[in-house]
Amino acid sequence: LKIQANNVLIGEPDDPLADHTLRLAADTFNRGFSAYNIIGLTTLQVADDAVVDVSMPAYRFSDFAANQPGGAEPQAALELWTPTLFQENPAKGVLTQRGGASLSLQAGGSQINQIDPLKSVLTIGQGARISVDPGQRINLRSAGQLTVDGELNAWGGTLDIRQQQFSS
């Protein structure tokens, strides 16, 4: 999933939203995608105390699936479900990790004519927490100031934090 807006705020704001700001709820990142790429062309902020748990739920047959008539809408027989982190297969004697999702947050555009290092700010607020499943990635990019006052969790995965560098 790729979302781009002028200004992006993830979580609940302490103050009224500025004009032209897209607010994303912290639970936006568990909708079934394997990667989330959020771009704030000017600013991207994760609100103070926001808890962002990035996961990839799957569909499974609901308890009502057997009672659905043929030709019914699939939504009537399926439910969104997030499996436990590891699924046991006792017959094979193995544990299988569920599929996970990665998160990329970027302040500033990707093209040099969209870049303003003085205005492009990426901030992870105080007390905020961003977590992805083990083995997944968190990428943070900013053309300007990049501040992390919160917690980033990507156990056994990758934390990639960079200031974008462009030359003419």
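In units of the compact-protein estimate 2.2 N^0.38 Å, the stretch 115-167 shows a Cα radius of gyration of 1.23.
Normalising the average separation of contacting C-alpha pairs (under 8 angstrom, six or more residues apart) by the number of residues puts the relative contact order of the stretch 47-168 at 25 percent.
Ligands, DNA and RNA are left out, and with a 1.4 angstrom probe the accessible area of the chain is 59 Å² per residue.
Percent of accessible area on the chain owned by carbon and sulfur, 1.4 Å probe? Carbon and sulfur atoms account for 49 percent of the accessible area of the chain.
The fraction of Cα-Cα pairs per 5 angstrom bin, counted from 0 for the chain, comes to 2, 8, 15, 17, 16, 12, 10, 7, 6, 4, 2, 1, 0 percent, rounded to whole percents. In a fully extended conformation the segment linking Leu22 and Trp155 would gain 45.0 nm over its present Cα-Cα distance, using 0.36 nm per residue.
The values are calculated or read from the model by the stated rules, or taken from the named source; none is laboratory data. Values in this document were obtained by computation on a predicted structure and should not be read as measured data. With ligands, DNA and RNA removed, areas are computed over all heavy atoms of the protein, side chains included. Shrake-Rupley method; radii C 1.70, N 1.55, O 1.52, S 1.80 Å.
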